[in-house]
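K.L.:
I have a structure here, written as structure tokens, and I will follow up with some questions on it.
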């Protein structure tokens, strides 16, 4: 499985849970593996910490003025204990190896905690670094919107201005790439990628190779007519942004996004390197590809598998829990964008758009539990990204209505994988959903519809 997808999956069977489910399989009744309801999350938090909760507005977040947002008034100590207890409870029930969690409200720390082990005998710590996956979608879309604010481009400029040789480049716009409606097939869904990736997880992929795999898949909808969680769109957008800025993508992101957001520990690498100290990851994902039968133990370190297949070169990054929280705050508040561009990034303009389509595994109708802005998932009143790949899970999420930022990073124990090497749970998303719903019961993290 590689990066969570826009649709709630059955137990994962591919290399990618493309990037966006909020909770795990709704048919899973193990512990908190199924949907985390508002009542369950509140009950769990109150039982473990004895806290009380402030009432919040039920208006959608995008309709709430940031100046009217309602910070919580529960004593921080009570909330911190409840948050840690929620994380520990799910961790134990779902065999999560390590959890790092941080929560802020109105910019003030509520809790920062690390649980479990990075490696056997090595405790996880809050300063450890990990791969942030699709959290970087936030940054790439924000770079595009910064260029809009600077009158360098418009969202409706055609792609052929910079990449004329791509199919339909005269019909695809920068907006379509950023909101995943361009129609370029997702290379992650092509069996060629999963086969070659699992045969050699250390292979370094080029953007051109990834785009070629995507384009070798038949295109099944015209630009702007459907929605598909397509990594291909963002690899292409990364190349276009390099042409537009005249800079390598990592340089443009550093100058225009990471530095203005105040991210000190988010680093782009051209190799599988991770900044020290490292949160190590482990996985059973290659079991089927290697022909290892069920019943035979198989669990390997995946920390230094090459992430080069995951995204645009220059936006493949490592980060830490503090930067994930700061990112959630910056995106949720629009701190580096004009009000118009911030609204464009988080507006639910695609609500009700899209439909299931043969030949497009992730195509579906976007609804209130899961819709898409520009590089941002909109789930109920929450704004988030939640990657899962190569043994790492993470969530960076924000609730504007109460100025709550929640960041979670996880790694997985051997028991978190089934007999075919698939993840049993989306534990990173389950922990986020339970914490978010506990903190803001009137703005629960929704369960995606199946």
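The values are calculated or read from the model by the stated rules, or taken from the named source; none is laboratory data. Since the model is a prediction, treat every value here as computed from it, not as a measurement. Glycine also receives a Cβ, built like all others from the backbone with ideal geometry; neighbour counts cover every protein chain displayed.
K.L.:
Within the range 150-171, can you find the residues that are surrounded by fewer than 17 Cβ atoms within 10 Å (Cβ to Cβ) and in a helix (DSSP H, G or I)?
P.N.:
160, 161
K.L.:
Between 433, 440, 407, which is out of contact with any helix residue (DSSP H, G or I) (no Cβ under 8 Å at 6 or more places or on another chain), crowded, with 22+ Cβ neighbours inside 10 Å and closer than 27 Å to residue 79 by Cβ? Break it down stepwise before answering.
P.N.:
On the way: 433 fails: out of contact with any helix residue (DSSP H, G or I) (no Cβ under 8 Å at 6 or more places or on another chain); 407 fails: out of contact with any helix residue (DSSP H, G or I) (no Cβ under 8 Å at 6 or more places or on another chain).
Being out of contact with any helix residue (DSSP H, G or I) (no Cβ under 8 Å at 6 or more places or on another chain), crowded, with 22+ Cβ neighbours inside 10 Å and closer than 27 Å to residue 79 by Cβ holds for just one of 433, 440, 407, which is 440.
K.L.:
While we're here: Sort through 96, 110 and tell me the only one that's within 20 Å of residue 437 (Cα to Cα) and in contact with a strand residue (DSSP E or B) (Cβ under 6 Å, 6 or more places away or on another chain). Show your work before the answer.
P.N.:
On the way: 96 fails: within 20 Å of residue 437 (Cα to Cα).
Answer to the selection: 110.
K.L.:
Sticking with this structure for a sec: Determine which single condition residue 196 fails, assuming it passes every other condition in (1) surrounded by 14 or more Cβ atoms within 10 Å (Cβ to Cβ); (2) touching a residue at least 12 places away in the same chain (Cβ under 8 Å); (3) in a helix (DSSP H, G or I).
P.N.:
With respect to (1) surrounded by 14 or more Cβ atoms within 10 Å (Cβ to Cβ); (2) touching a residue at least 12 places away in the same chain (Cβ under 8 Å); (3) in a helix (DSSP H, G or I), residue 196 is out only on (2).
One line per residue, one yes/no per condition, for (1) crowded, with 20+ Cβ neighbours inside 10 Å; (2) more than 26 Å from the chain's Cα centre (by Cα); (3) farther than 28 Å from residue 369 by Cα; (4) at pLDDT below 95:
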| position | (1), (2), (3), (4) |
| --- | --- |
| 51 | yes, yes, no, yes |
| 99 | yes, no, no, no |
| 106 | no, no, no, no |
| 126 | no, no, yes, no |
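K.L.:
Six or more apart or on different chains, Cβ under 7 Å: which pairs go from a residue in the range 84-97 that's touching a residue at least 40 places away in the same chain (Cβ under 8 Å) and at positive phi to one that's surrounded by fewer than 21 Cβ atoms within 10 Å (Cβ to Cβ) and assigned to a loop (DSSP other than H, G, I, E, B)? Could you list them?
P.N.:
Note: pairs meeting the criteria are 95/413.
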